[in-house]
Amino acid sequence: MAKPNRQFDFLSILGLILAFASLLVGAVLKGAGISALLSSAAFTIVVVGTIASICVQTPWYVMKHALSISSWVIRPPANRQEQIMKQFVEWSVIARKQGLLGLETIMNNMSDPFLRKGLMLVVDGTAPEDIRIIMEVETELRDQVDLRGAKVYEGMGIYAPTLGIIGAVLGLIAVMKNLADPSKLGHGIAAAFTATIYGIGLANLFFLPMANKLKQIIHTESMQRNMIIEGLIAMAQGDNHRKMESRLRSYME
C-alpha cells in the first residue's frame, strides 16, 4: 500500500499564529507594550524550568518518541481510510481468484510493517480469531507508546503555570526588597507578573492544545489500524468484495 502524501494542518498553523498574535496585540491594546512580554528571567524560570521538570518525569525513550511525533500537530499522518477500504476490496478479489497465496507478492512489497505482518498471518492460514488477538495486541501497544508521547506535552502544560507563579513570587520578593525606592516598584511588579503570563500562556496556547491534538491524531491512527484488522479478518474468512466493503465502510469517519 503506497503511502499518501501528508498534508499540512492549516488549522493548527492558523491557531499558532493567532495564539502569538493574541498575546502581542493584546499587550499593545492594553498599553503594556510588546517589551513587557520580554523577560530573560521569566524565560529562564518558566521555559527552562518546564523543560527541566518534564526531563525529570520522562524516560529518555518516551521523550525521544514525543519529539518524533511533535510534527504531527502541523503535518499529521495522512487519513488512509478510503485507501485502505479500496485496497482490501481489491485484495479480496485477488484472494478469491488466486487463493490467499496470491497475496504473497503484495505482502513482500508492503512498506507498512503493521499491514505486512497482518497479511503474513493471513497468507500463512492463521485462524481469524488468532489474527485478531495478535493484531489487537500490537495496536494496543502502539497506542500506549503514542499516548505516552502526547502526555509529555500535557505534563508540560501542567508544570508551566505553576512555574509561572513561582516566577511571579520571586519577582515580588525582589520588589519587596526595593520598597524604599518607589521608582522601582511599578516596573518590578510588572516584571514579576510576566512569568505568570509565560506560564499560563504556554500551557493554554501551546502545550495543552498540542497534547489534545496529538491524542485526536492517535485516535484516528488507532481507528485505521482497527480497520486494517477488520479487513484482514474478512479476508481470512473469505468474504467477497461487496461484503468486505460493507464491513470496512463502518470505520469511515
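The values are calculated or read from the model by the stated rules, or taken from the named source; none is laboratory data. Note that the structure is a prediction, hence the values are computed from the model and not measured. Note: ideal-geometry Cβ built from the backbone for every residue, glycine included; neighbour counts use all protein chains shown.
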Margin query: modelled with pLDDT under 90 and under 30 Å from residue 67 (Cβ atoms): which single residue out of 220, 194 fits that description?
Written below: 194
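So, residue 124, is that one among the acidic types (Asp, Glu), in contact (Cβ under 8 Å) with a residue 60 or more places away in the chain and within 28 Å of residue 231 (Cα to Cα) or not? Before the answer, list the steps.
On the way: among the acidic types (Asp, Glu): yes; in contact (Cβ under 8 Å) with a residue 60 or more places away in the chain: no; within 28 Å of residue 231 (Cα to Cα): yes.
Against the criterion (among the acidic types (Asp, Glu), in contact (Cβ under 8 Å) with a residue 60 or more places away in the chain and within 28 Å of residue 231 (Cα to Cα)), residue 124 does not qualify.
Kindly indicate which of 133, 158, 173 is surrounded by 15 or more Cβ atoms within 10 Å (Cβ to Cβ) and assigned to a helix (DSSP H, G or I).
On inspection, the qualifying residue turns out to be 158.
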Checklist line | Neighbours by Cβ (under 6 Å, 6+ apart or cross-chain): first from region 206-225, touching a residue at least 60 places away in the same chain (Cβ under 8 Å); second of a type in the set (Asp, Glu) and in a helix (DSSP H, G or I) | finding: 211/154; 218/146; 222/143
Note to self: If residue 127 meets every condition in (1) more than 30 Å from residue 191 (Cα to Cα); (2) hydrophobic (A, V, I, L, M, F, W, C); (3) in contact with a helix residue (DSSP H, G or I) (Cβ under 7 Å, 6 or more places away or on another chain) apart from one, which number is that one?
What the structure shows: (3)
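Tell me the residue from 73, 93 that is surrounded by 15 or more Cβ atoms within 10 Å (Cβ to Cβ) and not basic (Lys, Arg), please. Step through it out loud before you land on a result.
Working: 93 fails: surrounded by 15 or more Cβ atoms within 10 Å (Cβ to Cβ).
Every option except 73 fails the conditions.
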Next item on the list: Might you check whether a residue that is part of a helix (DSSP H, G or I), of a type in the set (Gly, Ala, Ser) and at pLDDT below 95 occurs anywhere in region 138-151?
Entry: no
Note to self: Given (1) of a type in the set (Ser, Thr, Tyr); (2) more than 23 Å from residue 65 (Cβ to Cβ); (3) surrounded by 16 or more Cβ atoms within 10 Å (Cβ to Cβ), identify the lone condition not met by residue 153.
What the structure shows: (2)
Checklist line | Which listed residue is of a type outside the set (Phe, Trp, Tyr), surrounded by fewer than 17 Cβ atoms within 10 Å (Cβ to Cβ) and modelled with pLDDT under 95, from 99, 118 | finding: 99
